[in-house]
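One structure below.
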Amino acid sequence: MARAGEVISLAGFDFLRPGMVGVVSTIGKNGLKGWWETPDKRGDDTARVMQDGDFPAPRTFGPRMITISGDVSCTSRDALFEFRDRLAGLPHLGSGELSVTGHGVSQTATVEQVGGLKWSERNPRAASWSMDLKAPDPRKYGELRVTAWTTASRTSPVSVQVSHEGNYPAAPVIEVKGSMTSGFTAWGTGEDSYRSLETVNAGELFEVDFGSGLLRKDGAVVFGQTGYTNLAKVMPGVSRAANVIPATDGGVGQYRVLVRDTYI
């Protein structure tokens, strides 16, 4: 049975509380393989010719591979088949959000199903099942932390402190609005600064995504108007300052920073 506050759901379907009459669904203690573990790292190994060992190589995390397995007991065979049909129908989603709440934290990842539903009946009203999922982005995301709207000023820059409580570098998003005829610089003036040449008009909302490097205006990607050296990251448990500075003295506006607790 599910413990209080425990949730395991895919695209809104709660495996522990399916909301179906006469159905008791459980996930075993090893029924979420790959979720709590760290994904394998990958890299190209090159042997040192006529020497010991390999050359050093950069290592990155591969996709997160997850196997969910559980058991279901029903008061009727019809209920058993209804539950099976619900599980079997999940692949049509293509991709969906896997959400897990447990051990004091809530985390989500976007996953796609690989392979089909594996189903084994134990008796006419009970079965065991499993499904394999892949998260192309191996990171898991928790609480979204959002700063208050803050003045964007060139003459008197105002910074905000941002942090997160995950265990992996997080990619922030900065939203900008106001009136800035020559654009703005986000995240200060150092090597992590992000320069936008796009004019900001009243009523428009700009979004700087430090994960992808993309700039969006009212949701649409803006091309050819940006420049950066590094994409700023927020390290776990470490507070750092962020700001937005209009490119010209006459520019006025506001900004806020959004960052999610990020886990690996």
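The values are calculated or read from the model by the stated rules, or taken from the named source; none is laboratory data. It should be emphasised that the depicted structure is a prediction, and the values quoted were computed from it without experimental measurement. Heads up, the Cβs are rebuilt from the backbone with ideal geometry, glycines too, and the neighbour counts pull from every protein chain shown.
Numbers at a glance
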{"quantity": "Output for the stretch 71-108, where each listed residue is assigned to a strand (DSSP E or B), touching an Asp or Glu at 6+ places or on another chain (Cβ under 7 Å) and modelled with pLDDT under 95", "calculated": "Ser95, Thr101, Gly102"}
{"quantity": "Identity of the residue in the stretch 149-175, among the charged types (D, E, K, R) and in a loop (DSSP other than H, G, I, E, B), that ends up modelled with the lowest pLDDT", "calculated": "Arg154"}
{"quantity": "Flag if Ala242 is buried (at least 18 other Cβ atoms within 10 Å of the Cβ), within 30 Å of Glu37 (Cβ to Cβ) and either in contact with a Phe, Trp or Tyr (Cβ under 7 Å, 6 or more places away or on another chain) or not assigned by TED's automatic domain parsing to the domain that holds Thr108 (or both)", "calculated": "no"}
{"quantity": "Condition met for Glu112 (at pLDDT below 95, touching a strand residue (DSSP E or B) at 6+ places or on another chain (Cβ under 9 Å), surrounded by 13 or more Cβ atoms within 10 Å (Cβ to Cβ) and farther than 30 Å from Pro169 by Cα)", "calculated": "no"}
{"quantity": "Residue match in the stretch 204-221 (condition: under 28 Å from Pro39 (Cα atoms) and among the aromatic types (Phe, Trp, Tyr))", "calculated": "yes"}
{"quantity": "Sole exception among (1) part of a loop (DSSP other than H, G, I, E, B); (2) buried (at least 17 other Cβ atoms within 10 Å of the Cβ) for Asp137, by number", "calculated": "(2)"}
{"quantity": "Residue in the stretch 48-71 that is surrounded by 14 or more Cβ atoms within 10 Å (Cβ to Cβ) and among the hydroxyl-bearing types (Ser, Thr, Tyr) present", "calculated": "yes"}
{"quantity": "Residue list for the stretch 11-30, filter: closer than 16 Å to Ala126 by Cβ, in contact (Cβ under 8 Å) with a residue 60 or more places away in the chain and not in a loop (DSSP other than H, G, I, E, B)", "calculated": "Val23"}
{"quantity": "Qualifying residue in the stretch 121-134 (condition: assigned to a strand (DSSP E or B), of a type in the set (A, V, I, L, M) and closer than 26 Å to Ala220 by Cα)", "calculated": "no"}
{"quantity": "Pairs with Cβ under 9 Å, 6+ apart, first in the stretch 62-82 and free of Cβ contacts under 8 Å to residues at least 24 places away in the same chain, second hydrophobic (A, V, I, L, M, F, W, C) and assigned to a strand (DSSP E or B)", "calculated": "Phe81/Cys74"}
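Yes or no, residue by residue, for (1) in a strand (DSSP E or B); (2) out of contact with any Leu (no Cβ under 9 Å at 6 or more places or on another chain):
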position	(1), (2)
Lys177	yes, no
Arg195	yes, yes
Glu204	no, yes
Ala232	no, yes
Gly237	no, yes
Asp249	no, yes
Gln254	yes, yes
